[in-house]
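The values are calculated or read from the model by the stated rules, or taken from the named source; none is laboratory data. Here the structure is a predicted model, which is why all the values come from computation and not from measurement. Here the Cβ positions follow ideal geometry from the backbone for every residue, glycine too, while neighbour counts run over all protein chains shown. These area figures cover heavy atoms from the full protein model, side chains too; ligands, DNA and RNA do not enter into them. Shrake-Rupley method; radii C 1.70, N 1.55, O 1.52, S 1.80 Å.
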Amino acid sequence: MLKIFTESLIGQYITVFIVSMVPLVELRGAIPFAYGFVHTGTGFNLLLGYILIAIGNMIPVPLIYFLARKVLEWGKDKPVIGGFFTFCLEKGEKGGQKLQAKAGQGLFVALLLFVGIPVPGTGAWTGTLAASILDMGFKKTVLAVIGGIALASIIVGLVCTLGFGALFGIAA
């Protein structure tokens with residue numbers, strides 16, 4: 001089913017958009033999909049793909065900032081969801097404490113770098129949750145996350161360009 005869906009151009013754009021919104025995967029997973037779609041012959045436009053990925057990655061940010069902590073606090077002691085909610089809270093609190101300890105007054109730059117360095121567990125979701133736990137202002141949070149998404153996009157894009165270039169060079 002997924003193969004049929006991703007064979008169409010619109011399906012490919014929808015795929016990268018949705019993948020970019022998935023926690024922990026975010027743009028780190030969506031950009032490799034986009035680079036893979038470029039080579040399918042459907043006419044996938046990488047620039048449009050990047051724009052959709054950035055928008056998709058940013059959509060959850062306001063919800064996370066304003067609601068996530070409240071929902072996680074509410075659900076942490078519930079039977080079925082409690083373990084996962086506690087994990088998310090602890091991850092956000094740990095990330096926030098690390099940022100605060102390392103950054104001091106440079107919290108904005110630290111958040112930007114935290115979101116921008118594409119390693120597991122450091123993306124827009126965790127960064128926004130950490131910023132909300134640290135009571136960083138919404139406007140500053142959004143700007144830092146946008147900057148982090150741009151940085152991560154560049155890094156992942158370079159890795160994909162070099163990686164896929166080498167892969168297709170070997171296969172040719």
For the chain, the accessible surface attributable to carbon and sulfur atoms (probe 1.4 angstrom, ligands and nucleic acids excluded) amounts in percent to 75 percent
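Rounded to the nearest 0.05, what FRET efficiency do Asp77 and Ile117 have when you use their Cβ-Cβ distance and R0 = 35 Å? Don't skip to the end; give the middle numbers.
Values: r = 33 Å, r/R0 = 0.95.
For R0 = 35 Å, the calculated efficiency reads 0.60.
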Expressed per residue, the solvent accessible area of region 1-134 in Å² (1.4 Å probe) is about 54 Å²
Most packed first (mean Cβ within 10 Å per residue), the peptides 79-86, 142-149, 155-162 order as 142-149, 155-162, 79-86
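When the chain is fully extended, how far beyond the present Cα-Cα distance does Ala150 get from Ile55, taking 0.36 nm per residue of separation? Working shown, then result.
On the way: separation 95, 0.36 × 95 = 34.20 nm, distance 1.12 nm.
Stretched out fully, the Ala150 to Ile55 stretch lengthens by 33.1 nm.
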Rounded to one decimal in nm, the spacing of the 7 Å Cα→Cβ label points at Leu63 and Asp135 is 2.7 nm
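Rounded, prolate or oblate: pick one for region 74-163, where a ≥ b ≥ c are the square roots of the eigenvalues of its C-alpha gyration tensor, a/c under 1.5 means rounded, and failing that, prolate if a/b is larger than b/c, else oblate. Present the calculation step by step, with values, prior to reporting the outcome.
Details: a/c = 2.41, a/b = 1.40, b/c = 1.72.
The shape class here is oblate.
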In Å³ per residue, the alpha-carbon convex hull of the chain encloses 125 Å³
In debye to the nearest 20, the charge dipole size for region 1-155, taken about the Cα centre with +1 at each Lys and Arg Cβ and -1 at each Asp and Glu Cβ, equals 240 debye
